[in-house]
Amino acid sequence: MLLTAAAARGVSVMQAEAVAPLLNGDAVRGVRVRTNGGTVEDIASEVLVDASGQATFLSNAGVIGEKVRGNYDRQVAVFSQVAGAIRDPGAAAGNTLIFYRQKNHWAWFIPLDDQVTSVGVVVPADYYRSKNESKHKFLLRELHQLNPELTRRLPQIEFVEEVRGISNYSYRISNFTGKGFLCVRDSHRFIDPVFSFGVFFAMKEAEYAASAIASFFAESKGEQPNPFADYQRLCDRGQDNVQELIDAFWQHPYAFKLLAHHRYPEDIIHMFAGRVYEETPLP
C-alpha cells in the first residue's frame, strides 16, 4: 500500500534483487541489483536506505555490524490464524490477549477482523525440539493445554492459514548509519513479534530517516564522519525504551500488572501509544 502510494507521487519503482552495495572506501555509493529480466545494473546514490527487514542486507554485506542476538534469541514462535474464536463482548472484542503459563512460555490472541484471530505460542527452543512434532501438531496441542482460559476461547480450532514458525527472532545491529547509508527498522533491530511496535517503528524511523536525508542535502553534511549519527541515536533511544518495557512485561508479569494498573497507568499508556522518543518525561 505504501509502495503504491509512493509510486503515485512520482517515485521510480524498480522490481529487482539487491545483490551488493557499491563502496568507495568506508562510504556507500550505490547498490548493484539484478532485475527481473536477469540483467545486473549498478545504481549510484548519495544515500542508500536499507529497508530490507530481517534480510539485513547491509549487515550481511559486512558494511555494518553483525547481528547480535537479543533477550529472546533462544525462543521459538509458532503461529497461525483461526476462525470462530470466542472473544470478549462489546467494545472489548478487539482486545489483544496474552495467556501466560510460565516465564518464556506464553500465547497470544490477536483479533484481526470480525472472524479471524491470530494465535501463536512462544516457547524455549529446547522445549519445542523436545516435543518432536510438526508445527501444526505442536500449535494445536499447545493451544489446548497452555492455559484453561485460552482453551475455553478455542473450542474448535480451525486454522485458516498455514502454521508457521520463527526462531531466534530477537537481535540488534550496531553502527547502522554512516557515510551514504542508513538502516530502517528490522534491517538493524527486532525486539518482539507480539506487541504492535513493529509497524510503528517502521513508520517512525522512515519519517525520521526522510528528515535526516533532507537535512543531509540541505546542510551539505557529506564530509561528516557520520552524517546520520543523530538519526541513529534517536532510533536507539526509542527502541531501548521499548526493550525495557517489554523486558519488564515478560520477566516480571505480575509486577508489571501492578505498575500498569495501579502505580503508573498513564506512563505505561504513553509508552504503548508510542511516545518513546522524548528526552524529557511527559507531564
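The table below lists the values:
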item	result
Meets criteria (more than 30 Å from residue 208 (Cα to Cα), at pLDDT below 95 and either in contact with a strand residue (DSSP E or B) (Cβ under 6 Å, 6 or more places away or on another chain) or aliphatic (A, V, I, L, M) (or both)) for residue 104	yes
Residue list for the stretch 30-53, filter: in contact with a Phe, Trp or Tyr (Cβ under 6 Å, 6 or more places away or on another chain) and among the aliphatic types (A, V, I, L, M)	48
Scope the stretch 187-220; condition farther than 12 Å from residue 232 by Cα and buried (at least 20 other Cβ atoms within 10 Å of the Cβ); matching residues	187, 190, 191, 192, 194, 197, 201
The stretch 89-117, residues that are more than 18 Å from residue 152 (Cβ to Cβ) and among the polar types (S, T, N, Q)	102, 104, 115
Test for residue 64: is it in the same structural domain as residue 231 (by TED's automatic domain parsing) and in a loop (DSSP other than H, G, I, E, B)	yes
Answer residue from the stretch 164-223, given it is among the hydrophobic types (A, V, I, L, M, F, W, C), outside any helix (DSSP H, G or I) and over 24 Å from residue 274 (Cα atoms) and is modelled with the highest pLDDT among those	181
Subset of the stretch 83-132 [under 18 Å from residue 149 (Cβ atoms), among the polar types (S, T, N, Q) and in a loop (DSSP other than H, G, I, E, B)]	95, 96
Scan of the stretch 2-56 for residues that are at positive phi and outside the structural domain of residue 182 (by TED's automatic domain parsing), ordered by number	10, 25, 30, 38
Residue 163, sole failed condition from (1) touching a residue at least 40 places away in the same chain (Cβ under 8 Å); (2) more than 21 Å from the chain's Cα centre (by Cα)	(2)
Selected residue (only one of 218, 229, 210 is in the same structural domain as residue 60 (by TED's automatic domain parsing), touching a residue at least 40 places away in the same chain (Cβ under 8 Å), out of contact with any helix residue (DSSP H, G or I) (no Cβ under 6 Å at 6 or more places or on another chain) and not acidic (Asp, Glu))	229
Breaking point among (1) of a type in the set (Asp, Glu); (2) in a loop (DSSP other than H, G, I, E, B); (3) surrounded by 15 or more Cβ atoms within 10 Å (Cβ to Cβ), for residue 142	(2)
Pair list, Cβ < 7 Å and 6+ apart or interchain, from the stretch 240-266 residues that are not assigned by TED's automatic domain parsing to the domain that holds residue 100 to residues that are β-branched (Val, Ile, Thr)	241/276; 242/191; 242/276; 243/191; 246/191; 259/268; 260/268
Subset of the stretch 273-283 (residues that are under 17 Å from the mean Cα position of the chain (by Cα) and in contact (Cβ under 8 Å) with a residue 24 or more places away in the chain)	274, 276, 277
Residue that is farthest from residue 46 (Cα to Cα) [pool: residues in the stretch 224-249 that are part of a helix (DSSP H, G or I) and over 21 Å from the mean Cα position of the chain (by Cα)]	230
Residues satisfying the stated conditions in the stretch 60-82, i.e. surrounded by fewer than 13 Cβ atoms within 10 Å (Cβ to Cβ) and among the hydrophobic types (A, V, I, L, M, F, W, C)	68
Residue selected from the stretch 68-93 under the condition modelled with pLDDT of 90 or more and touching a Lys or Arg at 6+ places or on another chain (Cβ under 8 Å), by the criterion farthest from residue 126 (Cα to Cα)	93
Positions within the stretch 1-34 being among the polar types (S, T, N, Q) and modelled with pLDDT of 95 or more, in sequence order	24
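The values are calculated or read from the model by the stated rules, or taken from the named source; none is laboratory data. Note that the coordinates shown come from a computational prediction; the quantities given were computed from them, not determined experimentally. In this analysis, Cβ positions are derived from the backbone assuming ideal geometry, glycine residues included, and neighbour counts consider all displayed protein chains.
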